[in-house]
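Input: a single structure, listed below in structure tokens.
The values are calculated or read from the model by the stated rules, or taken from the named source; none is laboratory data. None of these values were measured; they are calculated from a predicted model. FYI the Cβ positions are ideal-geometry reconstructions off the backbone, even for glycines, and counts take in every protein chain you see. SASA here: full protein model, heavy atoms, side chains in, ligands and nucleic acids out. Shrake-Rupley method; radii C 1.70, N 1.55, O 1.52, S 1.80 Å.
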Amino acid sequence: MGETEKRIETHRIRCLSKLKMFLLAITCAFVSKTLSGSYMNSMLTQIERQFNIPTSLVGFINGSFEIGNLLLIIFVSYFGTKLHRPIMIGIGCVVMGLGCFLKSLPHFLMNQYEYESTVSVSGNLSSNSFLCMENGTQILRPTQDPSECTKEVKSLMWMYVLVGNIVRGMGETPILPLGISYIEDFAKSENSPLYIGLIETGAIIGPLIGLLLASFCANVYVDTGSVNTDDLTITSTDTRWVGAWWFGFLICAGVNVLTAIPFFFLPKTLPKEGLENNADIIKNENEDKQREEDKKEKYGITKDFLPFMKSLSCNPIYMLFILISVIQFNAFVNMISFMPKYIEQQYGKSSSDAIFLIGIYNLPPICIGYIIGGLIMKKFKITVKQAAHIGCWLSLLEYLLHFLSFLLTCENSSVVGINTSYEGIPQDLYMGNNVFANCNVDCNCPSKIWDPVCGNNGLSYLSACLAGCETSIGMGINMVFQNCSCIQTSGNSSAVLGLCDKGPDCSMMLQYFLILSAMSSFIYSLAAIPGYMVLLRCMKSEEKSLGVGLHTFCTRVFAGIPAPIYFGALMDSTCLHWGTLKCGESGACRIYDSTTFRYIYLGLPAALRGSSFVPALIILILLRKYHLPGENASSGTELIETKVKGKKNECKDMYQKSTVLNDDELKTKL
């Protein structure tokens, strides 16, 4: 082997190892960014309770991530290809770490969390003033001190979470468009789907870790270490419980910063995979790079921005794909963001259990689906037309399975005075909504404080006082209330803290719901890679970075930002009882009408996703008229794969969107 051949072989191995290193680094970046995102989505309920804010405001805080993202996405997607893409991604990871750190700050700046209760949290139960006593008073009665009211009601500490989420969104901006375009530019076209599938697998591993971390943190009391948890009168299943949401954000911050390190040691460009050992190709690529630099100096870096935008805007497949993405993102953003809350309210699980079950049942099937989808694309060399059909029909199959979720339901929790009468008549038959009755009218009970107890008659009551309970035994969460005049039972009437369980039938329904969710996740993820390849292959290679960025921008603006807000507002409309702050102001919602909640959570996404199949079918029709590999060119927008045979029979794919390249143009491109 001559000196030249050795040098070329060494160059090939070095370039290949750098591409693999970038693949590993970008996969880790996807892990870290999705870890942070899934943890944030899982902690929305904890943030809602910590700051006593409505779900619509929590939705706005969640959507603020998209605001930070869209501030930079177009410019990063376009200018990022002109700059050093790996370094841009590394800087983004550092900024994400900063955003996660900002979100944890309120915990260190606020006082200890106080939940509403008629029972003393301190454990000093020498007085039974929280029970039914004529002319009695309750321990945490609303105060009239104006200074305390101002401090309690007008706290804006949630602004730190809002700003931190915006910063995290800005940091995540370069990872997707620059990472995907870097792989597409320097990987073989037949390897690209597999590589993207591996990256998307990393995007599933991150949420799995994030959900497990969130499950752990949600089960740890927010002020653990500062308070004696044995004195608490609530458990993790109580809607007043707040987990250690701040702890996970600190972990996410550290992971994001560590992930950034490798990108600062990767090159700006690499030879095309498979062409590293061709000296002529290497020489031509170097000449192309030099011409590109000269072009930038002569015309400026923004010369082709508007032509690219115009070209993408006139691409019907690209624009229809954006429309589909916007509609489906509106559905999935809502379902993913509020799935823990749905499982809590519908099936009576704690936040920690709900988050854990989502991670165990949903993420592994998604991960497997991404890998299989990428392998199918690589193994069978799926064309754009075939990929579009696979994505469309698999999505339709998963959509039809979604309707089975409407059958997997549980009844509303029966809370006397809210949706049930003192005689046990449900709300649809009992038209009143009065928390007082003859059995407790003289007890001087607060009517708004949420401190539920479960009677031995199977009904829940707003508080032990409203249940007419006169005595209690035990401490903390083991407290038992006795001689409850409002609990109608044949024996001794008693009650324990917390809402009544929904029963074994509801647990079985939850198992069916999770199994159906796992099946749906697998089928949809199986269609994700073919669908994404339709997006990538309907653009010219030089437009891909901007095209992916514009696609992300549109989904952020028209789905990521508004969806959690209007969905949260719809959920607020189903609230049956709001929490009460010290000064009588409304806090977070404590219980929802689970039937209406279910119709909104399942029905609205179903309607949105159903409408997305109209543009999907139009894409399939348009693709029948397009020139695909092996066919003749046709007028209009076209997808061209041009095979160029050189001295050593190397091939290079070219995709042309509007007209067929002539020979001179083709030589210039190559």
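Computed on the Cα trace of segment 62-111, the radius of gyration divided by the Kirkwood hydrodynamic radius gives Rg/Rh = 1.12. With θ taken as phi - 60° and the Karplus curve 6.51 cos²θ - 1.76 cosθ + 1.60 applied, the whole-hertz 3J(HN,Hα) list for segment 612-621 is 6, 6, 5, x, 5, 5, 5, 4, 4, 5 Hz, x standing for glycine and proline.
Run a plain Debye calculation on segment 22-124 (Cα atoms as equal point scatterers, no solvent) and give log10 I(q)/I(0) at q = 0.17, 0.19, 0.21 Å⁻¹, rounded to two decimals, same order as the q list. Log-scaled intensity ratios, in q order: -0.95, -1.09, -1.23. Less than 5 angstrom separates the built amide H of LEU576 from those of ILE591, TYR592, ASP593, all sequence-distant by 5 or more or on a different chain. When you count the other C-beta atoms within 10 angstrom of each residue and take the mean per peptide, 344-352, 234-242 line up highest first as 344-352, 234-242. Taking label positions 7 Å along the Cα-Cβ direction at both TRP393 and ASN111, the computed distance is 6.4 nm, reported to one decimal. Residue by residue, segment 314-329 carries 3J(HN,Hα) couplings of 8, 8, x, 5, 4, 5, 5, 5, 5, 4, 4, 4, 4, 5, 5, 5 Hz when phi is fed to the Karplus relation 6.51 cos²θ - 1.76 cosθ + 1.60 (θ = phi - 60°); x denotes Gly or Pro.
Scoring 167-175, 475-483 by mean Cβ neighbours within 10 Å over their residues and listing the highest first yields 167-175, 475-483.
Compactness of segment 445-542 is given as radius of gyration and Dmax, 25.3, 79 Å, from Cα positions.
Diffusion coefficient (Stokes-Einstein, Kirkwood radius over C-alpha pairs, 25 °C, 0.890 mPa s) for segment 14-63: 188 µm²/s, rounded to a whole number. Taken over the C-alpha atoms, segment 32-89 has Rg and Dmax values of 15.3, 46 angstrom. With the simple model of a label 7 Å out from the Cα in the direction of the Cβ, ASN434 to SER490 spans 3.1 nm. From the Cα gyration tensor of segment 489-602, with a ≥ b ≥ c the square roots of its eigenvalues, which class applies: rounded if a/c is under 1.5, or else prolate if a/b is larger than b/c, or else oblate? In terms of gyration-tensor shape, oblate.
Leaving ligands, DNA and RNA out of it, report the carbon-plus-sulfur percent of the accessible area of segment 154-280 at a 1.4 Å probe.
66
Highest mean packing comes first when the peptides 415-425, 511-521 are listed by Cβ atoms within 10 Å, giving 415-425, 511-521. Between THR420 and VAL415, the built amide H atoms are under 5 Å apart, and every one of these is 5 or more places off in sequence or on another chain.
Note on ASP505/LEU250: beta-carbon distance plugged into 1/(1 + (r/R0)^6) with R0 of 51 Å gives a FRET efficiency of 0.80.
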